[in-house]
1. Among (1) small (Gly, Ala, Ser); (2) closer than 24 Å to Thr179 by Cα; (3) within 17 Å of the chain's Cα centre (by Cα); (4) assigned to a loop (DSSP other than H, G, I, E, B), which single condition is Ala7 missing?
2. Say whether the condition of being in contact with an Asp or Glu (Cβ under 7 Å, 6 or more places away or on another chain), crowded, with 17+ Cβ neighbours inside 10 Å and within 21 Å of Thr211 (Cα to Cα) is met by at least one residue in region 252-267.
3. Report, by residue number, each residue of region 67-80 that is closer than 23 Å to Lys152 by Cβ, open to solvent by less than 30 Å² (accessible area, probe 1.4 Å) and out of contact with any helix residue (DSSP H, G or I) (no Cβ under 8 Å at 6 or more places or on another chain).
4. Condition (residue is in contact with a strand residue (DSSP E or B) (Cβ under 7 Å, 6 or more places away or on another chain), open to solvent by less than 10 Å² (accessible area, probe 1.4 Å) and modelled with pLDDT of 95 or more) applied to region 121-132: is it met by at least one residue?
5. Out of everything in region 350-388 that is polar (S, T, N, Q) and in contact with a helix residue (DSSP H, G or I) (Cβ under 7 Å, 6 or more places away or on another chain), what residue ends up being least open to solvent (accessible area, probe 1.4 Å)?
6. Quick one: in region 331-344, which of the residues that are touching a residue at least 12 places away in the same chain (Cβ under 8 Å) and open to solvent by 90 Å² or more (accessible area, probe 1.4 Å) is nearest to Gln200 (Cα to Cα)?
7. If you take the residues of region 300-323 that are of a type in the set (Ser, Thr, Tyr) and out of contact with any Pro (no Cβ under 7 Å at 6 or more places or on another chain), which of them is surrounded by the most Cβ atoms within 10 Å (Cβ to Cβ)?
8. Could you list, in sequence order, the residues of region 70-92 that are farther than 19 Å from Thr179 by Cβ and either touching a residue at least 40 places away in the same chain (Cβ under 8 Å) or part of a strand (DSSP E or B) (or both)?
Amino acid sequence: FILENYAFPGGLMIRTDSHTPNAGGLGMVACGVGGADAVDVMADIPWELKCPNVIGVNLTGKIGGWTTPKDVILKVAGILTVKGGTGAIVEYHGPGVESLSCTGMATICNMGAEIGATTSLFPFNRRMVDYLNATKCSEIAQYAQRFSHNLKADEGCEYDQNIEINLSELEPHINGPFTPDLATPLSKFAEEVKKNNWPQELKVALIGSCTNSSYEDMSRSASIAREATEHGLSVKSKFTITPGSEQVRATIECDGQIGAFEEVGGLVLANACGPCIGQWDRQDVKKGEVNSIITSYNRNFTGRNDANPATHAFIASPDIVTAMAFAGDLTFNPVSDTLIGSDGKPFKFSDPTGNELPPRGYDPSQNTFQPPPGDRASVSVAVDPKSDRLQLLHPFMAWNGET
């Protein structure tokens, strides 16, 4: 939602939400702050903070196969831990950046909050131009191109800490349980499940929310669902999909991804945070019952998703989450393992595919914005005088100037 409506290259934004850094996917310095900080800025008081360090993440190689931008931040979280980015801005750079989509870069920046970073950002590039054009912001794209030399790392700049990641060698990761920085490569995850006695049965697989609900994410996951349908399979775990905005929801409904999810047994939820922040009426397990879920969200601290401290929540890319839903088993590796189709024959999933941007353009759906009336004095807010939850705020008595 932030990327669609508020982000632009070279800007500075603060907002009272920890996922504001999502805008770093468009080269914006966007920081999540406390309410008091935001009030200061609204009152035209400067926002003050200790000058942050800068952590440089140099990306080389090219992303592909089952590896996604999500795996970059899962890897970084494993390196830096939940505190390693505190007091720092994480700046991604290097030739590997060109292989990431704009929304993929936003996913990486969005989850930077989980390593404690002040914010994260990427240099302005052509993938951002493509996204701005697709979201009817071509004037911003043209303007940004005029000063693009200012929207990238300075030649020869030095970082307070350097991290090197070769995208060609990076494999999918699964992080958790109970913390987003316990990073395990997919090839070693089944071994870890058994060694740590984590519940092997996968109860629920959840994709979407603010972190991973782009058109690209949804279309790649839908390609997995369609391939499963071709082999006569439905999901073994419960499978939920949370679109990140009304625009994404309307577009994936129009382009058939929602139909592909529902055909295999998926349930599309409201365009909201939903289970990511515990807004989920989960009834398949009782509180205290040990179980496993896997999400493409950003946080998996104890009890966050379903208020059950015994739920082992893991984080992965939407691709891995979707594929695992058909196995119903945490030890399933879609890169190497097979499933049995309805014809009794084994098959292995193909590498996921999807469009970075919708070929027919985004469908904005219904515009629900209601502008305030010209004459606000005539507006009456109806509150039940007997309500014990709501009451109208009346003006304070004027200061007498003497106290």
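1. Among (1) small (Gly, Ala, Ser); (2) closer than 24 Å to Thr179 by Cα; (3) within 17 Å of the chain's Cα centre (by Cα); (4) assigned to a loop (DSSP other than H, G, I, E, B), Ala7 violates only (2).
2. Taking region 252-267 as the starting set, the residues that turn out to be in contact with an Asp or Glu (Cβ under 7 Å, 6 or more places away or on another chain) are 254.
When the remaining residues are screened for being crowded, with 17+ Cβ neighbours inside 10 Å, the result is none.
No, every residue in region 252-267 fails to be in contact with an Asp or Glu (Cβ under 7 Å, 6 or more places away or on another chain), crowded, with 17+ Cβ neighbours inside 10 Å and within 21 Å of Thr211 (Cα to Cα).
3. Selection gives nothing.
4. First, pick out the residues of region 121-132 that are in contact with a strand residue (DSSP E or B) (Cβ under 7 Å, 6 or more places away or on another chain): 121-123.
Then keep just the ones that are open to solvent by less than 10 Å² (accessible area, probe 1.4 Å); that gives 122.
In the following step, the residues that additionally are modelled with pLDDT of 95 or more were identified as 122.
Checking region 121-132: at least one residue is in contact with a strand residue (DSSP E or B) (Cβ under 7 Å, 6 or more places away or on another chain), open to solvent by less than 10 Å² (accessible area, probe 1.4 Å) and modelled with pLDDT of 95 or more.
5. First pass over region 350-388, keeping only residues polar (S, T, N, Q): 350, 353, 355, 365-368, 370, 378, 380, 387.
Still in the list and also in contact with a helix residue (DSSP H, G or I) (Cβ under 7 Å, 6 or more places away or on another chain): 350, 353, 355, 365.
On the way: Ser350: 63, Thr353: 89, Asn355: 73, Ser365: 48 Å².
Here the answer is Ser365.
6. Step by step, filter region 331-344, then rank; the result is Ser342.
7. Taking region 300-323 as the starting set, the residues that turn out to be of a type in the set (Ser, Thr, Tyr) are 302, 311, 317, 322.
From the residues that got through so far, the ones that are out of contact with any Pro (no Cβ under 7 Å at 6 or more places or on another chain) too are 311, 322.
Values: Thr311: 26, Thr322: 32.
So the residue we want is Thr322.
8. Pass one, region 70-92, residues farther than 19 Å from Thr179 by Cβ: 87-89, 91-92.
Passing the criteria: Ala88, Ile89, Glu91, Tyr92.
The values are calculated or read from the model by the stated rules, or taken from the named source; none is laboratory data. Since we're looking at a predicted model, the values are computed, not measured. Because the Cβ atoms are built from the backbone with ideal geometry, glycine has one as well, and the counts that use them run over all protein chains shown. Please note that ligands, DNA and RNA were not included when accessible areas were found on the heavy atoms of the full protein model with its side chains. Shrake-Rupley method; radii C 1.70, N 1.55, O 1.52, S 1.80 Å.
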